[in-house]
Amino acid sequence: MRESNCIFCRIIEGEIPSNTVYEDDLFRVILDVNPASKGHALILPKEHYANLYEIDDEVAGAAMKLAKKLAKHMTEKLNCDGFNILQNNGEIAGQTVFHFHIHLIPRYKEGKNADILKWTHETFTPEEMREICDTLRLK
Ligand code: AMP
Ligand code: ZN
């Protein structure tokens, strides 16, 4: 399903231009218009899913397989020194476009964005950690 007011659906339909680096039946991969680094790209499923909570399991699996393939390919072509895979869900998590996408972010030793994706730590007591673990344990 495509959504007419979704910018990524419109890119997929070709209504909005993009720098497309890969396309198949399920995905289009484009360069991010405001790149965090040289080669920053986005994997867009052609179907509209708002986020990870909504995406079809098969498509999610295929997206991660494609991320692996592209990470290897881009590392070779760009000669980058590392790679981040990033996927935001919800405004508080930094999501600004509500069509599921995976960021492919090449990282370079030399570059002005060495500090992207660094965060400070929160501290929890051992009891709190146990409680959190109990809450999260998946059976
Ligand atoms: P997120 O913040 O995870 O939702 O990521 C959305 C990303 O989409 C941002 O990094 C934007 O720079 C990028 N973006 C927004 N509009 C376009 C566009 N028309 N073409 C390419 N990338 C875009
Ligand atoms: Zn969409």
* To do: Please enumerate the residues belonging to region 20-37 that are open to solvent by 90 Å² or more (accessible area, probe 1.4 Å) and either modelled with pLDDT under 95 or within 8 Å of ligand 1 (Cβ to nearest atom) (or both).
  => Val33, Asn34
* Asked: From the residues in region 68-127 that are away from ligand 1 (no atom under 16 Å from the Cβ), among the hydroxyl-bearing types (Ser, Thr, Tyr) and part of a loop (DSSP other than H, G, I, E, B), which one is surrounded by the most Cβ atoms within 10 Å (Cβ to Cβ)?
  -> Tyr108
* **Subset of region 93-124 (residues that are within 16 Å of the chain's Cα centre (by Cα) and of a type in the set (A, V, I, L, M, F, W, C))** => Ala93, Val97, Phe98, Phe100, Ile102, Leu104, Ile105, Ile116, Leu117
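The values are calculated or read from the model by the stated rules, or taken from the named source; none is laboratory data. Given the structure is predicted, the values throughout are model-derived calculations rather than measurements. All Cβ positions, even for glycine, are placed from backbone atoms using ideal geometry, and neighbour counts span all protein chains on display. When the accessible area is computed, the model is the full protein with side chains, heavy atoms only, and any ligands, DNA or RNA have been set aside. Shrake-Rupley method; radii C 1.70, N 1.55, O 1.52, S 1.80 Å.
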